[in-house]
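Following: one structure in structure tokens, then a few remarks.
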Amino acid sequence: MSGPTAILSALAPEQQGLIEQLEGPQQVQRAGRTFWQGRLRGHPVVLALSRIGKVAAATTTTALIEAFGVQRVVFTGVAGGLGPAVQIGDLVVADAFVQHDMDASPLFPRFEVPLYDQHRFPCDAALTQQLAQACQASLGAAGRTPRLHQGLILSGDQFVSTTQEATRIQSAVRGAGLEPLAVEMEGAAVAQVCHDYGIAFAAVRTISDRADEASAQDFQHFVTHVASHYARAVVGALMPLLPAG
Ligand code: ADE
């Protein structure tokens, strides 16, 4: 299907590298947000900041679909690593998202989004495969050899900053048969909106911290110094793999 691709970033430093590469940039204001229309490597795109947290990310995603007619949504951002092998600098491509702070029990099973009959929001298989290919091609762009993981990412309205809290969240979702790789604050909301509209969604998160006592400091350093390099490399490698707009 033709139409622009939305590239969502959580934070301005992650987006900056993409704005610098945008061909024919045009700024549009909507819902108190700035959207950037233009082309990346000839492919029509709309760049936006999700903002932080699930509600803000859902509003941005809805605006991208309703006002800009985007045909697919790609999220590049950062996350805290949860899986034992998921280290700072690694990339995690999501195959699905779960809201770790959703709990309408006993009315609905823990983590299930009420009235959706599901807790897991899968990403689009084809777009995810293209994104994973782009990530593979970009490994090493930050100067070391990070690992590429693929699996479940958790989202919740919480910056996870102690090992105790990270362990609590991990144990809770494991109780529902889920094995998470990373935690962040937006992806599950974007996945749910894309599910509602039947829009393809894929996401990659670079691991900025280990969701532990050092996470705030690690996060700040990573977002300022590293995140934009990853976003630029991955999105640059992804554009030629997408259908012509
Ligand atoms: N995004 C990056 N690191 C995170 C953390 N530790 N918790 C929640 N979201 C994050």
Inset, instruction - Please tell me if Ala214 is of a type outside the set (D, E, K, R) and in contact with a Phe, Trp or Tyr (Cβ under 8 Å, 6 or more places away or on another chain). - result: no
Legend entry - Selected residue (criterion: surrounded by the most Cβ atoms within 10 Å (Cβ to Cβ)) from residues of the range 133-159 that are aliphatic (A, V, I, L, M) and more than 18 Å from Glu179 (Cβ to Cβ): Ala134
Inset, instruction - Taking only the range 120-131 into account, find how many residues are part of a helix (DSSP H, G or I) and either surrounded by 19 or more Cβ atoms within 10 Å (Cβ to Cβ) or in contact (Cβ under 8 Å) with a residue 40 or more places away in the chain (or both). - result: 5
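Keeping to the range 69-101, report how many residues are farther than 17 Å from His195 by Cα and not hydroxyl-bearing (Ser, Thr, Tyr). Write out each step before concluding.
Step one: list which residues in the range 69-101 are farther than 17 Å from His195 by Cα, which gives 76-93, 100-101.
Next, only the ones that are not hydroxyl-bearing (Ser, Thr, Tyr) stay: 77-93, 100-101.
Of the residues in that region, 19 qualify.
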Inset, instruction - Hey, can you tell me all the residues within the range 171-184 that are within 15 Å of the ligand (Cβ to nearest atom) and within 19 Å of the chain's Cα centre (by Cα)? - result: Pro180, Leu181, Ala182, Val183, Glu184
Legend entry - Any chance Phe111 is within 24 Å of Thr162 (Cβ to Cβ), surrounded by 21 or more Cβ atoms within 10 Å (Cβ to Cβ) and either in contact with a Ser or Thr (Cβ under 8 Å, 6 or more places away or on another chain) or not β-branched (Val, Ile, Thr) (or both): yes
Legend entry - When residues of the range 57-83 are limited to those that are more than 16 Å from the ligand (Cβ to nearest atom) and not in a helix (DSSP H, G or I), the one farthest from Arg210 (Cα to Cα): Gly69
Inset, instruction - State yes or no: is Ile52 in contact with a Pro (Cβ under 9 Å, 6 or more places away or on another chain) and within 16 Å of the ligand (Cβ to nearest atom)? - result: no
Legend entry - Search result, residues across the range 89-109 that are within 13 Å of the ligand (Cβ to nearest atom) and over 16 Å from the mean Cα position of the chain (by Cα): Asp101
Legend entry - Residues located in the range 84-108, provided they are in contact with a helix residue (DSSP H, G or I) (Cβ under 9 Å, 6 or more places away or on another chain), closer than 18 Å to Val235 by Cα and part of a loop (DSSP other than H, G, I, E, B): Gly89
Legend entry - Those residues of the range 191-234 which are at pLDDT 95 or above, at negative phi, more than 16 Å from the ligand (Cβ to nearest atom) and not hydroxyl-bearing (Ser, Thr, Tyr), in sequence order: Gln192, Val193, Cys194, His195, Asp196, Ile199, Ala200, Phe201, Ala202
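Can you say whether Ser155 is within 10 Å of the ligand (Cβ to nearest atom), of a type in the set (Ser, Thr, Tyr) and within 13 Å of the chain's Cα centre (by Cα), as far as the supplied structure shows? Can you show your working first?
Details: within 10 Å of the ligand (Cβ to nearest atom): yes; of a type in the set (Ser, Thr, Tyr): yes; within 13 Å of the chain's Cα centre (by Cα): yes.
When the stated conditions are applied, Ser155 passes them.
The values are calculated or read from the model by the stated rules, or taken from the named source; none is laboratory data. What you see is a predicted model; the values in this text were computed from it and never measured. Ideal geometry is used to build each Cβ from the backbone, glycine not excepted, and the neighbour counts take in all protein chains shown.
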